[in-house]
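**Student:** Structure incoming, see below.
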Amino acid sequence: MSGTSQGGARLYGGIEAGGTKWVCAVGNGPSDMRGTTTFPTTEPDETIARAVEFFAANGGLEAVGVGSFGPIERRRSSQSFGFITTTPKPGWAQTDVAGRLEESLDVPVAFDTDVNAAALGEQHWGAAVGLDSFCYVTVGTGIGGGVVVNGQLVHGLLHPELGHMRIPHDRVADPFPGSCPYHGDCFEGLASGEAMRLRWGKGAHELDDDAAWHLEAQYLGLGLMNVICVLSPERIILGGGVMKEATLLARVQERLRELLAGYFDAPELKDLIGDFVVRPGLGDRAGVLGAIALAQAATAQ
């Protein structure tokens, strides 16, 4: 199915495969998007079939990139390459996403985490252009992080799981036990959208409670403090649905400044912290554009 766009440029597909919805697009970058579609993440057969139908109807492709919720297996050497593995999402554990897409579309499929894809998109076209090291952290139903060091995505044994680091939890001030089915009160278990829903009895988009957002900023500040101490990024990009609350970014920036306590002798972490912790330059398109970038990188090798 390989082909080119009308202008002669190669054409790529991208999938932001989220736990709530899938976003699919065809194009070459932010200025050349030929088609997009969004649909709910239902059961695997139906969801993957809808993606195949979209790409089949949108012309020839050189490759498809997938940025997926996880955990995933992205190592080509593994028999489980392209699988969503131990996810708690019902029905999706051990699902072969990349293999089904490759078989149905007859094109190469690049496969990585949704946050790594978003980081790649921001590196190519967004808030991380020109940076050597940065982190993209999404705060949505769950929490995840994509890490770039020396200009390259960090993978390691599997892939970074920033959402499952442990952060301080004052059980007197916040008796909520945490929402993570594996670790209870890890970063994701305390600060994700799902944690907020279970703690407060309503979703983040419905919350109008200063105490709730104060606590959320506290947990996000603690998590980002760990990221800074361990990875020393030049910038942190905060995306995801929870971060759309109007006051949250400023709250996180201020709490992080307090937690850093003047230890780091860098203006970015003192006077310029508003330029250090930022929103995605690509907005909600970071994930699907990053997936296109994954596909482009796969065919350039």
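Bear in mind that the values in this text are calculations on the coordinates, not laboratory data. Everything numeric in this text was worked out from a predicted model, so none of it was measured. Ideal geometry is used to build each Cβ from the backbone, glycine not excepted, and the neighbour counts take in all protein chains shown.
**Student:** Ranking HIS124, HIS155 by Cβ neighbours within 10 Å, fewest first, what do you get? Could the numbers behind the result be given before it?
**Tutor:** On the way: HIS124 19, HIS155 14.
Going from least to most buried by this count: HIS155, HIS124.
**Student:** Let me ask something else. So what J values fall out for the range 38-52 if you push phi through Karplus, 6.51 cos²θ - 1.76 cosθ + 1.60 with θ = phi - 60°, rounded to Hz, Gly and Pro as x?
**Tutor:** Karplus-based 3J(HN,Hα) across the range 38-52 equals 9, 8, x, 7, 9, 7, x, 4, 5, 5, 5, 4, 5, 5, 4 Hz.
**Student:** Taking other Cβ within 10 Å of each residue's Cβ, how do ARG171, ARG74 sort, fewest first? Walk me through the numbers before you get to the answer.
**Tutor:** On the way: ARG171 9, ARG74 23.
By the 10 Å Cβ count, ascending, the order reads ARG171, ARG74.
**Student:** Next question. In what order do GLU102, GLU258 fall by count of nearby beta-carbon atoms within 10 Å, going from fewest to most?
**Tutor:** Working: GLU102 17, GLU258 11.
The fewest-first ordering by Cβ neighbours comes to GLU258, GLU102.
**Student:** Further question on the same structure: Against the globular-protein guess of 2.2 N^0.38 Å, express the Cα radius of gyration of the range 99-174 as a ratio, rounded to two decimals. Walk me through the numbers before you get to the answer.
**Tutor:** Numbers: Rg = 15.9 Å, N = 76, 2.2 N^0.38 = 11.4 Å.
Cα Rg divided by the expected 2.2 N^0.38 Å: 1.39.
**Student:** Summing -39500 (n - 2.57) over the DSSP H runs of n ≥ 4 in the chain and dividing by its residue number, what mean residue ellipticity at 222 nm do you reach, to the nearest 500 deg cm²/dmol?
**Tutor:** Working: 9 runs with 101 residues, N = 301.
Here the helix-only value at 222 nm equals -10000 deg cm²/dmol.
**Student:** How large are Rg and Dmax for the range 130-279 when only the alpha carbon atoms are used, in Å?
**Tutor:** 14.8, 44
**Student:** Would you list, by chain and number, the lysines whose Cα falls below 22 Å from the Cα of LYS244, excluding same-chain residues fewer than 8 positions away?
**Tutor:** Within the straight-line limit of under 22 Å, LYS244 reaches these lysines: LYS21, LYS202.
**Student:** Treating the range 1-93 as a set of equal point scatterers at the Cα positions, no solvent, please give the Debye-formula log₁₀ I(q)/I(0) at q = 0.10, 0.16, 0.22, 0.25 Å⁻¹.
**Tutor:** Taking Cα atoms of the range 1-93 as identical point scatterers yields -0.29, -0.70, -1.11, -1.26.
**Student:** Just going by the charge dipole of the range 130-279, with Lys and Arg at +1 and Asp and Glu at -1 on Cβ, which of GLY156, ILE273, GLY221 is farthest out on the positive end?
**Tutor:** Of the candidates, GLY156 comes out farthest on the positive side.
**Student:** Under 10 Å from the Cβ of CYS180, count the other residues' Cβ atoms, weight Lys and Arg +1, Asp and Glu -1, and hand me the total.
**Tutor:** Working: positive: none; negative: ASP185, GLU188, GLU194.
Result for the local shell: -3.
**Student:** Only four residue types carry charge here, +1 at the Cβ of Lys and Arg and -1 at the Cβ of Asp and Glu. Report the dipole size of the chain about the Cα centre in Debye, rounded to the nearest 20. Working shown, then result.
**Tutor:** Numbers: 22 positive and 36 negative charges, 38 e Å.
Magnitude of the dipole: close to 180 debye.
**Student:** If you take every residue apart from GLY281 with its C-beta less than 15 Å away from the C-beta of GLY281, what net charge results, scoring Lys and Arg +1 and Asp and Glu -1?
**Tutor:** Values: positive: ARG235, ARG279, ARG285; negative: GLU122, GLU234, ASP275, ASP284.
Its environment carries a net charge of -1.
**Student:** Using modelled amide H (1.01 Å from N, peptide plane; none on Pro or chain starts), what sits under 5 Å from the amide H of TRP22, excluding residues fewer than 5 places away?
**Tutor:** Answer set, sorted by chain and number: PHE39, THR41.
**Student:** Please turn the phi angles of the range 55-65 into ³J(HN,Hα) values with the Karplus equation 6.51 cos²θ - 1.76 cosθ + 1.60 (θ = phi - 60°), one per residue in order, whole Hz, x for glycine and proline.
**Tutor:** Per-residue couplings from phi come out as 5, 5, 8, 10, x, x, 10, 7, 6, 10, x Hz.
**Student:** Residue-wise, which Karplus ³J(HN,Hα) couplings in Hz belong to the range 139-152, taking 6.51 cos²θ - 1.76 cosθ + 1.60, θ = phi - 60°, and x for glycine or proline?
**Tutor:** Result, ordered by residue: 10, x, 3, x, 10, x, x, x, 10, 10, 10, 6, x, 10 Hz.
**Student:** Net charge near MET165: determine it from the other residues with C-beta under 14 Å of the C-beta of MET165, scoring Lys and Arg +1 and Asp and Glu -1. The partial results should precede the final answer.
**Tutor:** Working: positive: ARG166; negative: GLU161, ASP185, GLU188.
Residues near MET165 contribute -2 overall.
**Student:** In vacuum, with every alpha carbon of the chain counted as one equal point scatterer, what does the Debye formula give for log10 I(q)/I(0) at q = 0.13, 0.14, 0.15 Å⁻¹? Two decimals, please.
**Tutor:** These q points yield log10 I(q)/I(0) values of -0.89, -1.02, -1.15.
**Student:** I've got another one for you. Return the long-range amide H neighbours of PHE111 (sequence gap of 5 or more, or a different chain), with a cut-off of under 5 Å between placed amide H atoms.
**Tutor:** So PHE111 has HN proximity to VAL66.
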